[in-house]
Amino acid sequence: MTSEKQSIQLSSLLSPAFWNVHKQVRAQQVKEIVLKGGRGSTKSSYAALELLMQLMCRPQCHAVVLRKVAGTLRTSVFAQLCWAISALGKDAAFRATISPMEITYRKTGQKILFFGLDDAGKLKSIKLPFGYVGIVWFEELDQFAGEEEIRNVEQSLFRGGDYSLCIKSFNPPISARNWVNRWALQTKPGRLVHHSTYLTTPKQWLGERFLQDAEHLKKVDPAKYQHEYLGEAVGTGTSVFGNLKIHPIPPNITEQFERILHGVDWGWYPDPWAYNACSYDAARNTLYIFDELTRVRTTNQQTANLLKQRGVCQHPEKQESLVADSAEPKSCGDYRAEGLPCQKAEKGPGSLSAGMKWLQGLACIWIDNEKCPDTAKEFSEYEYRKDRQNGEVLEGYPDHNNHHIDAVRYATSKIWRRRGQ
């Protein structure tokens with residue numbers, strides 16, 4: 001799809017962080033690229049270059065570029081694509097106009113059209129000279145209204161044609177509860193989520209001033225540095241867990257786990273039954289959470305069968321334990337009757353605080369968001385409550401949306417109880 005000459009040219013234009021992404025797009029392994037990260041990561045530059053490269057390979061395919069507000073198009077995505085055209089040495093191959101705002105590939109007549117969703121009705125009146133819309137780029141995705149708005153646009157634009165690629169780029173908002181941060185944790189066939197920062201960008205591209213500013217902010221306000229330059233959702237100061245790594249755990253790591261810790265938090269409705277499997281690496285002070293189940297209105301016998309089907313406490317070469325909430329001793333007994341060696345979590349004064357503080361004190365809680373999406377959501381969104389009158393953070397841990405957190409706390413209870421003695 002991409003000639004050798006173009007590949008050589010691209011190597012001088014793409015930050016190394018995006019080469020693997022480009023290879024997967026070129027091989028048609030992905031249909032949706034989610035580009036998130038901080039300042040100076042060149043994700044928008046990559047998006048513009050990729051859009052052009054894919055457009056020129058497909059004569060029947062047109063592209064649509066979107067921002068929430070139309071007034072921001074000219075100085076952002078339009079300017080970015082004009083830069084990309086020039087960087088590729090294709091100035092003579094394209095014609096760019098402001099009114100109407102569009103870019104035309106002269107050789108085929110293919111169009112790149114620009115729209116703001118402050119007037120979404122214009123999307124319904126798109127008239128193409130031929131072919132179909134196959135490439136869509138949402139820039140500053142976090143500024144859109146939410147998943148439903150994005151989905152409606154995609155349903156309107158992707159109709160017909162044998163190729164489709166959707167590019168979505170944004171700087172993660174500060175709060176993990178923001179819809180786009182939640183959405184980026186979801187897995188979907190054909191979707192590639194890529195996080196980039198200025199640290200993977202060639203230094204000469206950024207300039208000394210940029211690097212100095214980043215280092216200064218890192219020293220004077222580490223949280224703002226993490227948010228602005230590293231693109232992390234650091235929270236608004238009320239996040240309970242500041243030590244999370246939300247990313248798939250490679251098989252070569254999980255295969256080395258010698259001890260597997262299983263935990264269960266009982267539930268019926270509206271509270272869910274929650275199960276997690278994890279492993280603790282004392283040398284790295286890291287907890288790996290790599291499996292979950294979530295159910296509502298499910299009997300003890302049914303959930304016990306789910307665990308047995310998963311092979312819980314059946315591995316011949318690994319040390320395993322299963323610990324559940326002691327608030328329901330009958331349920332623990334039901335599990336033992338089903339052949340599961342279920343132990344009751346030891347509770348007592350200060351046990352909740354001790355378990356939570358141990359989790360907070362870990363160097364890292366690594367959650368596999370592909371296998372544990374509910375767990376990743378709970379941990380990343382769990383925040384202290386604030387006083388409504390003065391906004392001060394209240395003591396204690398909220399007993400709300402913490403079912404997998406509790407399951408993990410039970411699973412690891414023997415570790416943190418031993419360390420607390």
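Would you point out the residue of region 80-123, among those that are touching a residue at least 12 places away in the same chain (Cβ under 8 Å) and under 17 Å from A145 (Cβ atoms), that is surrounded by the most Cβ atoms within 10 Å (Cβ to Cβ)? Ranking the qualifying residues of region 80-123, first place goes to L117. Here V65, V77, V21 are screened, and the one residue that is surrounded by 15 or more Cβ atoms within 10 Å (Cβ to Cβ), within 21 Å of the chain's Cα centre (by Cα), closer than 22 Å to S164 by Cβ and in contact (Cβ under 8 Å) with a residue 12 or more places away in the chain is V21. Filtered by the rule that a residue be among the polar types (S, T, N, Q) and within 17 Å of G231 (Cα to Cα), region 181-214 gives N181, S196, T197, T200, T201.
Scan region 157-165 and give yes if some residue there is more than 19 Å from T72 (Cα to Cα) and among the polar types (S, T, N, Q), otherwise no. Break it down into steps so the answer makes sense when it comes.
Step one: of region 157-165, the residues more than 19 Å from T72 (Cα to Cα) are 157-165.
Now narrow it down to the ones that are among the polar types (S, T, N, Q): 164.
Within region 157-165, one or more residues are more than 19 Å from T72 (Cα to Cα) and among the polar types (S, T, N, Q).
Evaluation of P100 against the conditions (1) part of a loop (DSSP other than H, G, I, E, B); (2) under 32 Å from the mean Cα position of the chain (by Cα); (3) of a type outside the set (S, T, N, Q) shows that the sole unmet condition is (2).
Please work out which residue is nearest to S76 (Cα to Cα), limiting yourself to region 166-198 and to residues that are β-branched (V, I, T) and surrounded by 15 or more Cβ atoms within 10 Å (Cβ to Cβ). Here the residue is I167.
Which of the residues that make up region 331-346 are free of Cβ contacts under 8 Å to residues at least 24 places away in the same chain and either part of a strand (DSSP E or B) or not small (G, A, S) (or both)?
Residues of region 331-346 that are free of Cβ contacts under 8 Å to residues at least 24 places away in the same chain, as a first pass: 332-333, 336-337, 343-344.
Those that are free of Cβ contacts under 8 Å to residues at least 24 places away in the same chain and either part of a strand (DSSP E or B) or not small (G, A, S) (or both): C332, R336, Q343, K344.
The single condition from (1) touching a residue at least 40 places away in the same chain (Cβ under 8 Å); (2) within 30 Å of the chain's Cα centre (by Cα) that Q319 fails is (2).
Within region 162-183, residues that are over 17 Å from N401 (Cβ atoms) have Cβ atoms under 7 Å from residues that are of a type in the set (S, T, N, Q) and outside any loop (DSSP other than H, G, I, E, B) in these pairs: L165/Q54; S169/S44; P172/N181; P173/N181, counting only partners at least 6 apart in sequence or on another chain.
Here T254, T201 are screened, and the one residue that is of a type in the set (S, T, Y), without any contact (Cβ under 8 Å) to a residue 60 or more places away in the chain and either in the same structural domain as T299 (by TED's automatic domain parsing) or out of contact with any strand residue (DSSP E or B) (no Cβ under 9 Å at 6 or more places or on another chain) (or both) is T254. For the residues T201, T236, the requirement of being hydroxyl-bearing (S, T, Y) and surrounded by fewer than 17 Cβ atoms within 10 Å (Cβ to Cβ) singles out T236. Considering the conditions (1) part of a helix (DSSP H, G or I); (2) basic (K, R); (3) under 18 Å from the mean Cα position of the chain (by Cα), R209 is excluded by exactly one of them, (3). For region 374-383, filtered to residues that are at pLDDT below 95 and in contact with a Ser or Thr (Cβ under 9 Å, 6 or more places away or on another chain), the residue that is surrounded by the fewest Cβ atoms within 10 Å (Cβ to Cβ) is E383.
In this structure, P16 qualifies as surrounded by fewer than 16 Cβ atoms within 10 Å (Cβ to Cβ) and closer than 25 Å to T201 by Cβ. Looking only at region 347-368, decide whether some residue is at pLDDT 90 or above, assigned to a helix (DSSP H, G or I) and of a type in the set (D, E). There is no residue in region 347-368 that is at pLDDT 90 or above, assigned to a helix (DSSP H, G or I) and of a type in the set (D, E). In the set (1) assigned by TED's automatic domain parsing to the domain that holds S15; (2) within 30 Å of S12 (Cα to Cα), W179 fails one condition alone, (2).
When region 92-112 is limited to residues that are among the aliphatic types (A, V, I, L, M) and touching a helix residue (DSSP H, G or I) at 6+ places or on another chain (Cβ under 8 Å), the one that is farthest from R58 (Cα to Cα) turns out to be I98.
Only one of E228, E232, E215 is without any contact (Cβ under 8 Å) to a residue 24 or more places away in the chain and not assigned by TED's automatic domain parsing to the domain that holds N178; which?
Checking each option against the conditions leaves just E215.
Here R297, R284 are screened, and the one residue that is closer than 19 Å to A411 by Cβ, among the basic types (K, R) and assigned to a loop (DSSP other than H, G, I, E, B) is R284.
Answer with yes or no whether N401 is on the phi > 0 side of the Ramachandran plot and part of a loop (DSSP other than H, G, I, E, B). Please lay out each step first, then the result.
Values: on the phi > 0 side of the Ramachandran plot: yes; part of a loop (DSSP other than H, G, I, E, B): yes.
Considered against the rule, which asks whether it is on the phi > 0 side of the Ramachandran plot and part of a loop (DSSP other than H, G, I, E, B), N401 comes out as yes.
The values are calculated or read from the model by the stated rules, or taken from the named source; none is laboratory data. Source: prediction; values computed, not measured. Virtual Cβ from ideal backbone geometry, glycine too; neighbours counted across all protein chains shown.
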